[in-house]
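**Q** Please find one structure pasted underneath; my questions will follow.
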Amino acid sequence: MSTMDNDVSQALLERVEQALRDNTPLRLQGGNSKASLGRETAGEVLDTREHRGIVTYDPTELVITARAGTPLSELIQTLDAAGQMLPCEPPDFGAATLGGMVAAGLSGPRRPWSGSVRDFVLGTRVITGLGKHLRFGGEVMKNVAGYDVSRLMAGSFGCLGLLTEVSLKVLPKPRLCSSIALEMDSTLALARLAEWGQQPIPIRAASHDGHVLRLRLEGGEGSVAAARDRLGGELLDAAYWQQLNAHRLPFFDDPRPLWRLCVPADSRLPDLPGEQLIDWGGAQRWLKSDADGQTIRAITMAVGGHATCYSQGVVDSPFEPLAAPVLRYHQALKTRLDPQGIFNPGRLYAEL
């Protein structure tokens, strides 16, 4: 399967070369669906959506390669038609592109059981801040040349280079999915999840809103049926997980700032003002709160976690501030790949 009529990589390269000559910063974006995440950045908009299309896809090889501007929804539909999926379940937010998916590195409810976006990136093509269009990694796990550079792009928010093409490992869809809801409080829910995590129960998503524990069971017909018989509960519409992933549940309508807390899955609920929604079986907590960022981060750090603000303008550093040694590594990497600092300056941190 090959579509080459939407390859505008040369035009993108020329745009970057011009920006380097003029020393003009560029604000990289695809569908702009995650514009509220990260710091505001100045620069001329470089839109990747024209550079789209699936380059190669052979379902028997479990690998798909597509251009960065390809709509994520189009990629998912192509995989779905072949009975396959992106296991990391990245959120679409209505307009996400493949490049934006990798650059943001966000994963959905299945993430603790399947892995993150970074885990499925096999190779990339990237236009660097040196004006070079380079290929890193490949389309098979054994091709390790540049493999780690490709993974560095996941979660970089466009600060290291302009993604033009991505190769991803995909997996077959589970034979059966079933979702259930169980009434219990948060303390009991976390205890049950810790207990069930040590047992062969095919849980592939777990969320709790303070009153109801919702589980998604995936696997063979026998294992899913046995789990349902053992756990009981009421059947749940599978659309719940899509609504959670896309932030379309009533919880997210709260006008207060949205925070994402990453904590040990079995930790108690951080004592924070506001409303919390448990995701990832306890490892991710969504928080709607007016509390100041310093307080939220101090309490989250006390239980071994970190906090990211999803509402722009609330704090100067939406992402958890870096320790000085780690920041130096980030700065060295930025200097190596983007020495003039033209790509999304300050999007992750003011120092980058």
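**Q** What is the calculated FRET efficiency for Q198 to C177, with r their C-beta to C-beta distance and R₀ = 25 Å, to the nearest 0.05?
**A** On the way: r = 23 Å, r/R0 = 0.90.
Approximately 0.65, to the nearest 0.05.
**Q** Rounded to the nearest 0.05, what FRET efficiency do K132 and R256 give with R0 = 41 Å and r taken as the Cβ-Cβ distance? Could you check? Numbers along the way, then the final one.
**A** Details: r = 45 Å, r/R0 = 1.09.
So, using R0 = 41 Å, E works out to roughly 0.40.
**Q** So how exposed is K132, as accessible area in Å² (1.4 Å probe, rounded to 10)?
**A** Estimated to the nearest 10 Å², K132 gives 110 Å².
**Q** Let me ask something else. Carbon and sulfur atoms: what percent of the 1.4 Å accessible area of the chain do they account for?
**A** 50 percent
**Q** Could you tell me the calculated FRET efficiency between M184 and A291, based on Cβ-Cβ distance and R0 = 22 angstrom, to the nearest 0.05? Please list the in-between numbers first.
**A** Values: r = 27 Å, r/R0 = 1.21.
In this case the efficiency is close to 0.25.
**Q** Right, another one. So, counting K/R as plus one and D/E as minus one, what does the shell of residues with Cβ under 15 Å around A265 add up to? Walk me through the numbers before you get to the answer.
**A** On the way: positive: R110, R111, R192, R204, R260, R268, R285; negative: E195, D266, D279.
Net local charge, A265 excluded: +4.
**Q** As an exercise, identify the trypsin sites (Lys or Arg not before Pro) in segment 150-199 lying in DSSP coil whose Cβ has no more than 14 other Cβ atoms within 10 Å.
**A** Working: sites: R151, K169, R175, R192; in loops: R175.
Answer in residue order: R175.
**Q** Separate question: How about segment 1-100: which GluC sites (Glu not before Pro) there are in a DSSP loop, with at most 12 other Cβ atoms within 10 Å of their Cβ? Don't skip to the answer; put the middle values down first.
**A** Values: sites: E14, E17, E40, E44, E50, E61, E74; in loops: E40, E50.
Here the GluC sites (Glu not before Pro) that fit, given the DSSP loop and packing criteria, are E40, E50.
**Q** I need the phi-derived Karplus couplings for segment 108-118: 6.51 cos²θ - 1.76 cosθ + 1.60, θ = phi - 60°, integer Hz, Gly and Pro marked x.
**A** Running phi through 6.51 cos²θ - 1.76 cosθ + 1.60 with θ = phi - 60° gives x, x, 7, 3, x, 9, 10, x, 9, 3, 4 Hz.
**Q** Over the chain, with the other protein chains present, what is the accessible area per residue in square angstrom, probe 1.4 angstrom?
**A** Values: 16000 Å² over 352 residues.
Result: 45 Å² of accessible area for each residue.
**Q** Size of the dipole of the chain about the Cα centre, Lys and Arg at +1 and Asp and Glu at -1 on the beta carbon, nothing else charged, in debye to 20? Don't jump to the answer; show the numbers that get you there.
**A** Working: 36 positive and 40 negative charges, 148 e Å.
My answer is approximately 720 debye.
**Q** Label points 7 Å out from Cα along the Cβ direction at A246 and E351: separation in nm?
**A** 3.9 nm
**Q** Right, something else. For the chain, list log₁₀ I(q)/I(0) at each q in 0.06, 0.12, 0.16 Å⁻¹, using the Debye formula over Cα point scatterers of equal strength and ignoring solvent, two decimals each.
**A** -0.23, -0.92, -1.46
**Q** Hey, another quick one. Which of V170, V314, V263 moves the most in a Gaussian network model of the chain with Cα springs under 10 Å?
**A** Evaluated over the chain, the most mobile residue of the options is V314.
**Q** Follow-up. Report the label-to-label distance for E234 and D119 in nanometres (one decimal), using points 7 Å from each Cα along the Cα→Cβ vector.
**A** According to this spin-label approximation, the distance is 3.2 nm.
**Q** Follow-up. What does the highest-first list of 155-167, 316-328, 82-94 look like by mean Cβ count within 10 Å?
**A** Details: 155-167: 25.1, 316-328: 13.5, 82-94: 19.3.
Highest mean packing first, the order is 155-167, 82-94, 316-328.
**Q** Same structure, new question: With springs connecting C-alpha atoms under 10 Å apart, model the chain as a Gaussian network and identify which of N23, N32, N245 has the largest mean-square fluctuation.
**A** Result: N23 has the largest fluctuation of those listed.
**Q** What's the local net charge at H306, with K and R +1, D and E -1, over the other residues with C-beta under 12 Å away? Don't jump to the answer; show the numbers that get you there.
**A** Values: positive: R260, R285, R297; negative: E320.
Net charge in that neighbourhood comes out at +2.
**Q** Taking Cα centroids, how far is segment 222-297 from segment 175-201 in Å?
**A** First find each Cα centre; the distance between them is then 13 Å.
**Q** Which ³J(HN,Hα) values in Hz, rounded to whole numbers, follow from the phi angles of segment 43-53 under the Karplus curve 6.51 cos²θ - 1.76 cosθ + 1.60, where θ = phi - 60° and Gly and Pro get x?
**A** After applying 6.51 cos²θ - 1.76 cosθ + 1.60, I find x, 6, 5, 10, 8, 9, 5, 6, 8, 9, x Hz.
**Q** Within 10 Å, count the other beta carbons around each residue, average over each peptide in 95-105, 339-349, and list them highest first. Display every interim value, and only then the final one.
**A** Numbers: 95-105: 25.8, 339-349: 20.5.
Most protected by this proxy first, the peptides run 95-105, 339-349.
**Q** Further, regarding this structure: Ordered by residue, what ³J(HN,Hα) values in Hz, to whole numbers, does segment 331-342 give under the Karplus form 6.51 cos²θ - 1.76 cosθ + 1.60, where θ = phi - 60° and Gly and Pro are x?
**A** 5, 5, 5, 4, 5, 5, 9, 9, x, 8, x, 8
**Q** So, in nm, how far is label E50 from label D22 when the simple model puts each one 7 Å beyond its Cα toward the Cβ?
**A** Distance between label points: 1.5 nm.
**Q** Give me the net charge for the shell around R125: Cβ to Cβ below 15 angstrom, other residues only, Lys and Arg +1, Asp and Glu -1.
**A** My count for the surroundings of R125 gives +2.
The values are calculated or read from the model by the stated rules, or taken from the named source; none is laboratory data. In this text, all values refer to a predicted model and were calculated from it rather than measured experimentally. Backbone-built Cβ (ideal geometry, glycine too); neighbour counts: all protein chains shown. Each accessible area value is taken on the protein alone, full model and side chains, heavy atoms only, with ligands, DNA and RNA left out. Shrake-Rupley method; radii C 1.70, N 1.55, O 1.52, S 1.80 Å.
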